[in-house]
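Before any comments, here is the structure.
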Amino acid sequence: MPLGALLERLKAHQHDLILAMAEHDGLPAGSALRQVAELKNVIAAIEAVAAEEEDRAKRP
(Lines give C-alpha, C1' and ligand atoms only; values in the text may rest on other atoms or scores of the structure.)
Protein backbone atom coordinates (compact mmCIF):
# COMPACT_ATOMS: atom_id res chain seq x y z
CA MET A 1 0.00 0.00 0.00
CA PRO A 2 1.64 3.25 -1.11
CA LEU A 3 -0.06 5.25 1.66
CA GLY A 4 1.34 2.90 4.28
CA ALA A 5 4.88 3.32 3.00
CA LEU A 6 4.55 7.10 2.93
CA LEU A 7 3.07 7.09 6.42
CA GLU A 8 5.95 5.06 7.80
CA ARG A 9 8.55 7.32 6.18
CA LEU A 10 6.91 10.45 7.60
CA LYS A 11 6.60 8.93 11.08
CA ALA A 12 10.26 7.89 10.99
CA HIS A 13 11.31 11.39 9.94
CA GLN A 14 9.21 12.96 12.70
CA HIS A 15 10.69 10.53 15.21
CA ASP A 16 14.23 11.39 14.11
CA LEU A 17 13.55 15.12 14.41
CA ILE A 18 12.17 14.72 17.93
CA LEU A 19 15.15 12.64 19.01
CA ALA A 20 17.56 15.18 17.51
CA MET A 21 15.85 17.99 19.43
CA ALA A 22 16.06 15.99 22.65
CA GLU A 23 19.84 15.64 22.32
CA HIS A 24 20.40 19.40 22.64
CA ASP A 25 20.15 21.44 25.81
CA GLY A 26 17.64 24.25 25.89
CA LEU A 27 14.57 24.79 23.81
CA PRO A 28 14.45 23.51 20.24
CA ALA A 29 14.42 25.98 17.39
CA GLY A 30 11.01 27.20 16.31
CA SER A 31 11.62 25.89 12.81
CA ALA A 32 12.19 22.37 14.16
CA LEU A 33 9.02 22.58 16.24
CA ARG A 34 7.05 23.74 13.21
CA GLN A 35 8.43 20.86 11.16
CA VAL A 36 7.30 18.34 13.78
CA ALA A 37 3.85 19.97 13.98
CA GLU A 38 3.49 20.03 10.20
CA LEU A 39 4.47 16.37 10.02
CA LYS A 40 1.87 15.57 12.67
CA ASN A 41 -0.81 17.22 10.53
CA VAL A 42 0.28 15.42 7.38
CA ILE A 43 0.42 12.09 9.25
CA ALA A 44 -3.12 12.65 10.56
CA ALA A 45 -4.35 13.47 7.06
CA ILE A 46 -2.76 10.36 5.57
CA GLU A 47 -4.22 8.20 8.33
CA ALA A 48 -7.67 9.66 7.57
CA VAL A 49 -7.32 8.95 3.85
CA ALA A 50 -6.08 5.43 4.58
CA ALA A 51 -9.09 4.81 6.84
CA GLU A 52 -11.43 6.09 4.11
CA GLU A 53 -9.78 3.80 1.57
CA GLU A 54 -10.08 0.85 3.93
CA ASP A 55 -13.79 1.59 4.53
CA ARG A 56 -14.36 1.95 0.78
CA ALA A 57 -12.68 -1.41 0.14
CA LYS A 58 -14.94 -3.12 2.69
CA ARG A 59 -18.12 -1.94 1.00
CA PRO A 60 -19.84 -4.39 -1.32
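The values are calculated or read from the model by the stated rules, or taken from the named source; none is laboratory data. In this text the structure is predicted, and so the values were computed from the model without any measurement. For neighbour counting, all protein chains shown are included, and Cβ atoms are generated from backbone atoms with ideal geometry for every residue, glycine included. Ligands, DNA and RNA are stripped out before the accessible areas are found, and what is left, the full protein with its side chains, is counted by its heavy atoms. Shrake-Rupley method; radii C 1.70, N 1.55, O 1.52, S 1.80 Å.
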Original post:
Name the pairs: first residue in segment 39-55 and acidic (Asp, Glu), second residue at pLDDT 95 or above, Cβ to Cβ under 9 Å, at least 6 apart or on different chains?
Top reply: Glu47/Leu7
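Looking at segment 18-36, can you tell me whether even one residue there is closer than 26 Å to Ala57 by Cα and surrounded by 14 or more Cβ atoms within 10 Å (Cβ to Cβ)?
no
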**OP:** Could you check, for segment 5-12, whether at least one of its residues is more than 9 Å from the chain's Cα centre (by Cα) and open to solvent by 80 Å² or more (accessible area, probe 1.4 Å)?
**Re:** no
**OP:** Go through segment 42-60 and count every residue that is open to solvent by less than 50 Å² (accessible area, probe 1.4 Å) and closer than 13 Å to Leu6 by Cα.
**Re:** 3
